[in-house]
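What follows is a set of notes on a single structure, which appears directly below.
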Amino acid sequence: MSVVEHVREMAAAGLHSNVRLLSGLLLTMSGNNPELFSPSQKYQLLVYHADSLFHDKEYRNAVSKYTMALQQKKALSKTSKVRPSTGNAASTPQSQCLPSEIEVKYKMAECYTMLKQDKDAIAILDGIPSRQRTPKINMMLANLYKKAGQERSSVTSYKEVLRQCPLALDAILGLLSLSVKGAEVASMTINVIQSIPNLDWLSVWIKAYAFVHTGDNTRAINTICSLEKKSLLRDNVDLLGSLADLYFRAGDNKNSILKFEQAQMLDPYLIKGMDVYGYLLAREGRLEDVENLGCRLFNISDQHAEPWVVSGCHSFYSKRYSRALYLGAKAIQLNSNSVQALLLKGAALRNMGRVQEAIIHFREAIRLAPCRLDCYEGLIECYLASSSIREAMVMANNVYKTLGANAQTLTLLATVCLEDPVTQEKAKTLLDKALTQRPDYIKAVVKKAELLSREQKYEDGIALLRNALANQSDCVLHRILGDFLVAVNEYQEAMDQYSIALSLDPNDQKSLEGMQKMEKEESPTDATQEEDVDDMEGSGEEGDLEGSDSEAAQWADQEQWFGMQ
């Protein structure tokens, strides 16, 4: 057995550090004595050495060695007869064991993607003739084309993956995300579905995710629920995660949290989707739970974006925006396609007054997730923060037309209309439509309450809020109800509402301020009552009773619910 064969065996056995040391020494020997190894052996040594560098994540060095190996292979292919090497085995079995040139190019493309050099990765894979491309090469090309905005080429590559592997579900999702019709995708899998038992669910699965990628959240939820209820697919973590994400997109945070919790119980090491889960917990003021979740995720892996996003949410809702910005940037570094990381960083930038930078991040989030309303909400909030009401109105109208007239889009459009005195009546009409569709939609209730507060229709506002709180409990709604009760001099019940709000979110500053303001206003009254008692007892001191009109405490700035707020 030759020394090169020993290197090959160690590489096959996964002894990468050993391969690196030995192949490095042998390559130096070959450099000092070119006759020591044959061209084919030198090619093998370069590939095995590059593989060991790849394993050690030294990607630039690996690319350099892979390039040298391809040059060596090119020279080798020009030689009709491989020169026998001194003291080594015959060349025929060696040539049969040569590493695949296509595999070397694939490894180079992997290095380039790790180095964020996508154009170089596409170039090296494009150089492989179509007939020689394996499914994994087509899959990588499809993802790279999609990221580069080359949708037609991406669709072609995904279809080629399905032609070779009709059960490649991620390729199916890739096609659906590029607006390929569900029926067309399903037709590419029909033969395998009919030939293999217990695969009848796949056509329904494709239908469900077709709804997901067209933004039809209601039908997507119903279809996935029908799948999840089937005995063979019950308690599937991926389906539960998809349901949780869909409920979140639909604005049903309660059910979203419930599904995330179910998925966590089934898989304690689950990472996917935990960034959204952490964000929802942070919004509800459950910062201790968010902190615990972040620690647990870091213990699982710190090489995913999700732990960094969760920790960033904790910082953001603790008003530590600089730290949230850093954590969001770190998450994007790990996964540039993380929508939640982009939203976190965008929101942090906005709250730090860097609105134009925030706009860039929200636009990128929209590009990656065109059916997620919260991406548009973040961008519109930036426009409003910079007094660009016209741009905000154009964007809100586009979302309304694109995603359809549902409670969420109606409320978003109404939010912009509220900023212009001319469109107040239109905002009222839109909010009424939204609340007709979903009377419990919190964002619509908050905006309608804001409108009623401007009109000083406090009794109507109280009725609206009591109705919304009949079947749910939300910190912001309790706080606003407290503000409205103060306006009608119902101090005791207002205090109760502030207390409930603080019990739901101990960090809610507005509720705390409302309660403190009431306590300050009550103090002079208490002192006056004591003076009246002294008068009755004949103390001779006159109590100077000064009545003070209680001011209607505005419910202050509405809850910031755009993007990561």
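Can you pull out every residue in region 155-167 that is of a type in the set (Lys, Arg) and surrounded by fewer than 17 Cβ atoms within 10 Å (Cβ to Cβ)? Don't jump to the end; show me each part of the working.
Restricting attention to region 155-167, the residues satisfying the condition of being of a type in the set (Lys, Arg) are 159, 163.
Scanning region 155-167 gives a single hit, ARG163.
Any residue that is buried (at least 18 other Cβ atoms within 10 Å of the Cβ), out of contact with any helix residue (DSSP H, G or I) (no Cβ under 6 Å at 6 or more places or on another chain) and part of a helix (DSSP H, G or I) - is there at least one of those in region 144-154?
First, the residues of region 144-154 that are buried (at least 18 other Cβ atoms within 10 Å of the Cβ): 144-146, 154.
Cutting the leftovers down to out of contact with any helix residue (DSSP H, G or I) (no Cβ under 6 Å at 6 or more places or on another chain) gives us none.
No: region 144-154 contains no residue that is buried (at least 18 other Cβ atoms within 10 Å of the Cβ), out of contact with any helix residue (DSSP H, G or I) (no Cβ under 6 Å at 6 or more places or on another chain) and part of a helix (DSSP H, G or I).
Being surrounded by fewer than 16 Cβ atoms within 10 Å (Cβ to Cβ), of a type in the set (Ser, Thr, Tyr) and under 29 Å from GLN497 (Cα atoms), is that true of even one residue in region 452-466?
no
Tell me which of these LEU485 doesn't satisfy, since it passes every other one: (1) at pLDDT 90 or above; (2) crowded, with 22+ Cβ neighbours inside 10 Å; (3) within 25 Å of THR429 (Cβ to Cβ).
Unmet condition: (3).
Considering only region 222-251, state which residues are buried (at least 19 other Cβ atoms within 10 Å of the Cβ), in a helix (DSSP H, G or I) and among the aliphatic types (A, V, I, L, M).
Those that are buried (at least 19 other Cβ atoms within 10 Å of the Cβ), in a helix (DSSP H, G or I) and among the aliphatic types (A, V, I, L, M): ILE224, LEU227, LEU239, LEU240, LEU243, ALA244, LEU246.
Return the residue satisfying two criteria in turn: it lies in region 425-446 and is in contact (Cβ under 8 Å) with a residue 24 or more places away in the chain and within 17 Å of ASN397 (Cβ to Cβ), and of such residues it is most open to solvent (accessible area, probe 1.4 Å). Can you show your working first?
So in region 425-446, the residues in contact (Cβ under 8 Å) with a residue 24 or more places away in the chain come out as 427, 433-435, 437-446.
Restricting the remaining residues to those that are within 17 Å of ASN397 (Cβ to Cβ) gives 427, 433-434.
Working: ALA427: 0, LYS433: 106, ALA434: 0 Å².
Ranking the qualifying residues of region 425-446, first place goes to LYS433.
Name every residue in region 488-512 that is more than 24 Å from ASP460 (Cβ to Cβ), touching a helix residue (DSSP H, G or I) at 6+ places or on another chain (Cβ under 9 Å) and open to solvent by 70 Å² or more (accessible area, probe 1.4 Å), in order of residue number.
Answer for region 488-512, where residues must be more than 24 Å from ASP460 (Cβ to Cβ), touching a helix residue (DSSP H, G or I) at 6+ places or on another chain (Cβ under 9 Å) and open to solvent by 70 Å² or more (accessible area, probe 1.4 Å): SER503, PRO506, ASN507.
In region 1-53, how many are polar (S, T, N, Q), in a loop (DSSP other than H, G, I, E, B) and in contact (Cβ under 8 Å) with a residue 24 or more places away in the chain? Steps first, answer last, please.
Narrowing region 1-53 to residues polar (S, T, N, Q): 2, 17-18, 23, 28, 30, 32-33, 38, 40-41, 44, 52.
Right, trim to in a loop (DSSP other than H, G, I, E, B) and you get 2, 33, 38.
Okay, now just the ones that are also in contact (Cβ under 8 Å) with a residue 24 or more places away in the chain, so 2, 38.
Going through region 1-53 one residue at a time, the tally reaches 2.
For region 170-202, enumerate the residues that are assigned to a helix (DSSP H, G or I), farther than 17 Å from LYS147 by Cα and not polar (S, T, N, Q). It would help to see each step written out before you state the result.
Here is the first cut: in region 170-202, the residues assigned to a helix (DSSP H, G or I) are 170-177, 182-187, 190-195, 201-202.
Now narrow it down to the ones that are farther than 17 Å from LYS147 by Cα: 182-187, 190-195, 201-202.
Across region 170-202, the qualifying residues are GLY182, ALA183, GLU184, VAL185, ALA186, ILE190, VAL192, ILE193, TRP201, LEU202.
Any chance you could count how many residues in region 26-64 are over 35 Å from the mean Cα position of the chain (by Cα) and open to solvent by 40 Å² or more (accessible area, probe 1.4 Å)? Don't jump to the end; show me each part of the working.
Of all residues in region 26-64, those over 35 Å from the mean Cα position of the chain (by Cα) come to 26-49.
After this cut, where a residue has to be open to solvent by 40 Å² or more (accessible area, probe 1.4 Å) as well, the list is 28-29, 31-36, 42.
Total meeting the criteria: 9.
Filter region 252-277 down to residues that are crowded, with 23+ Cβ neighbours inside 10 Å and not acidic (Asp, Glu) and give me whichever is farthest from ALA305 (Cα to Cα). Even if it seems obvious, please write down each step before you answer.
The initial filter retains those residues of region 252-277 that are crowded, with 23+ Cβ neighbours inside 10 Å, namely 259-260, 263, 273-277.
Now narrow it down to the ones that are not acidic (Asp, Glu): 259-260, 263, 273-274, 276-277.
Numbers: LYS259: 21, PHE260: 17, ALA263: 19, GLY273: 10, MET274: 10, VAL276: 11, TYR277: 13 Å.
In this case the residue turns out to be LYS259.
Condition first: out of contact with any Gly (no Cβ under 9 Å at 6 or more places or on another chain), of a type in the set (D, E, K, R) and in a helix (DSSP H, G or I). Can you find one or more residues in region 465-476 that meet it?
Restricting attention to region 465-476, the residues satisfying the condition of being out of contact with any Gly (no Cβ under 9 Å at 6 or more places or on another chain) are 465-474, 476.
Checking which are of a type in the set (D, E, K, R) leaves us with 466, 474.
Keeping just the survivors that are in a helix (DSSP H, G or I) gives 466.
Yes; the residues of region 465-476 include at least one that is out of contact with any Gly (no Cβ under 9 Å at 6 or more places or on another chain), of a type in the set (D, E, K, R) and in a helix (DSSP H, G or I).
Going by the conditions given, is LEU167 assigned to a loop (DSSP other than H, G, I, E, B) and under 12 Å from MET188 (Cβ atoms)? Before the answer, list the steps.
Details: assigned to a loop (DSSP other than H, G, I, E, B): yes; under 12 Å from MET188 (Cβ atoms): yes.
Spelling it out, LEU167 is indeed assigned to a loop (DSSP other than H, G, I, E, B) and under 12 Å from MET188 (Cβ atoms).
Filtering region 343-368 down to residues that are aliphatic (A, V, I, L, M), under 13 Å from the mean Cα position of the chain (by Cα) and open to solvent by 10 Å² or more (accessible area, probe 1.4 Å), which residue is nearest to ALA385 (Cα to Cα)?
Residues of region 343-368 that are aliphatic (A, V, I, L, M), as a first pass: 343-344, 347-349, 352, 355, 358-360, 365-366, 368.
Then drop every residue that is not under 13 Å from the mean Cα position of the chain (by Cα), which leaves 343-344, 365-366, 368.
Filter once more, keeping what is open to solvent by 10 Å² or more (accessible area, probe 1.4 Å): 366, 368.
Details: ILE366: 19, LEU368: 23 Å.
The residue in question is ILE366.
The values are calculated or read from the model by the stated rules, or taken from the named source; none is laboratory data. Please read these numbers as outputs of a predicted model, since none were measured by experiment. Using ideal geometry, Cβ is built from the backbone for each residue, glycine included, and neighbour counts are taken over all protein chains shown. Side chains are part of the model used for accessible areas, which takes the heavy atoms of the whole protein and leaves out ligands, DNA and RNA. Shrake-Rupley method; radii C 1.70, N 1.55, O 1.52, S 1.80 Å.
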